[in-house]
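To keep things clear, I will list the structure first and then write my remarks on it.
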Amino acid sequence: MTVPTVKLNSGHEIPQLGFGVFLVPADEAEKAVSEALEVGYRHIDTAAIYRNEEGVGAAIAKSGIARDELFITTKLWNDRQAGEEPHDAIRESLDKLGLDRVDLYLTHWPTPEKDTYSNAWQKLIEIRDQGLATSIGVSNHLPEHLDRIVQDTGVVPAVDQIELHPAYQQAEVSAWGEKHGMKIESWGPLGQGKYPLFENPAVAAAAEAHAKSPAQVVLRWHLQRGVIVFPKSVRKERMAENLDVFDFELTADEMQGITAIDPGDGSGRVGSHPLEFN
Ligand code: NAD
């Protein structure tokens with residue numbers, strides 16, 4: 001199974017499809033990540049706040065897979081953005097992961113009320129320059145936050161990881177990325193199971209036409225748009241299903257039908273809003 005890669009503005013390549021571990025409990029993370037690696041995933045998305053970095057690290061260590069074949073992302077939690085805190089936070093994450101560097105380190109949320117996200121970005125640049133993160137990016141940043149950090153530092157994030165699925169597309173963030181050479185990562189690519197995506201007629205019809213599952217169709221929609229995804233499942237058969245999306249292609253009409261699912265008024269959002277999450 002060869003997963004295509006996307007080239008980041010750092011010059012490094014990221015596997016376009018990975019495995020996310022949000023809400024995977026600490027004591028289950030090692031097993032879930034071990035199974036994901038067995039199934040063929042090489043890109044793992046975790047975060048300090050998921051409290052499962054140790055389990056991820058244990059699975060990596062036991063896998064025997066060469067470090068340069070893996071792509072590991074973790075994230076700086078919101079209460080550690082100020083002052084020099086990000087430097088301590090990355091070292092703690094690396095320690096838990098058992099790594100000397102991550103492939104991608106992200107500021108998790110802008111938390112605008114605290115007004116520390118630009119400082120956090122400055123510290124991530126230093127962390128990258130020290131070699132502790134090969135590439136750096138942000139998560140849940142809106143264009144106004146992106147404009148600010150670039151204005152303050154001159155450095156464009158490699159990615160912005162945002163809630164993105166057919167019912168909530170945040171086109172303005174993608175347009176910003178397109179203009180500035182920043183890639184988009186989707187969190188909640190399947191709508192976290194909270195939005196009725198799989199029953200949607202456009203998804204269901206494409207699934208039937210290609211003899212694929214609705215989840216595979218939604219993942220394929222992301223991939224054909226150039227978005228980076230890392231769906232989560234603790235069930236091994238679903239891990240395999242979510243990886244098995246490279247042997248079919250949605251037609252332009254099917255793509256358009258799925259894109260039209262977004263109600264356009266923000267009501268498809270299933271997670272927190274970046275302006276309200278502090
Ligand atoms: P997701 O859209 O990947 O949905 C996961 C849920 O979908 C699973 O719990 C399961 O119930 C269901 N599912 C998975 N595969 C399926 C299949 N083949 N068929 C049917 N149902 C299936 O949501 P997510 O886990 O929130 O997002 C993916 C990853 O994004 C996370 O694990 C995490 O790494 C990241 N994330 C980041 C943020 C952020 O703020 N940066 C927020 C949430 C998630």
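The values are calculated or read from the model by the stated rules, or taken from the named source; none is laboratory data. This is a predicted model, so every value here is computed, not measured. Cβ sites come from the backbone with ideal geometry, for glycine too, and all protein chains shown count toward neighbours. Only protein heavy atoms, including side chains, enter the accessible area calculation; ligands, DNA and RNA are left aside. Shrake-Rupley method; radii C 1.70, N 1.55, O 1.52, S 1.80 Å.
Scanning segment 180-196 for residues that are touching a Gly at 6+ places or on another chain (Cβ under 9 Å), under 19 Å from Glu241 (Cα atoms) and in a loop (DSSP other than H, G, I, E, B) yields Gly188, Pro189. Residues of segment 23-76 being under 20 Å from Ala158 (Cβ atoms), surrounded by fewer than 17 Cβ atoms within 10 Å (Cβ to Cβ) and not basic (Lys, Arg), which ones? Across segment 23-76, the qualifying residues are Asp68, Glu69. Can you list residue pairs whose Cβ atoms sit under 6 Å apart, with the first residue in segment 181-196 being open to solvent by less than 10 Å² (accessible area, probe 1.4 Å) and the second being near the ligand (Cβ under 6 Å from one of its atoms) and outside any loop (DSSP other than H, G, I, E, B)? Count only pairs 6 or more apart in sequence or on different chains. So the pair list comes out as Glu185/Gln161. Listed by position, the strands (runs of 3 or more DSSP E) inside segment 49-164 whose residues that are closer than 30 Å to Val270 by Cβ and among the basic types (Lys, Arg) number at least 3 form an empty set.
Checking each residue in segment 197-241 for being over 15 Å from the mean Cα position of the chain (by Cα), within 12 Å of the ligand (Cβ to nearest atom) and assigned to a loop (DSSP other than H, G, I, E, B) picks out Leu197, Phe198, Glu199, Lys212, Ser213, Val234, Arg235. For Leu106, the requirement of being open to solvent by less than 10 Å² (accessible area, probe 1.4 Å), more than 16 Å from the ligand (Cβ to nearest atom) and closer than 18 Å to Gly137 by Cβ is not met.
Residues considered: Thr153, Thr134. Of these, the only one that is touching a His at 6+ places or on another chain (Cβ under 6 Å) and either open to solvent by 30 Å² or more (accessible area, probe 1.4 Å) or more than 10 Å from the ligand (Cβ to nearest atom) (or both) is Thr134.
So is Ile162 touching an Asp or Glu at 6+ places or on another chain (Cβ under 8 Å) and under 25 Å from Pro15 (Cα atoms) or not? Answer is yes for this residue. Among the strands (runs of 3 or more DSSP E) confined to segment 1-48, the ones with at least 3 residues that are under 11 Å from the mean Cα position of the chain (by Cα) are located at 43-45.
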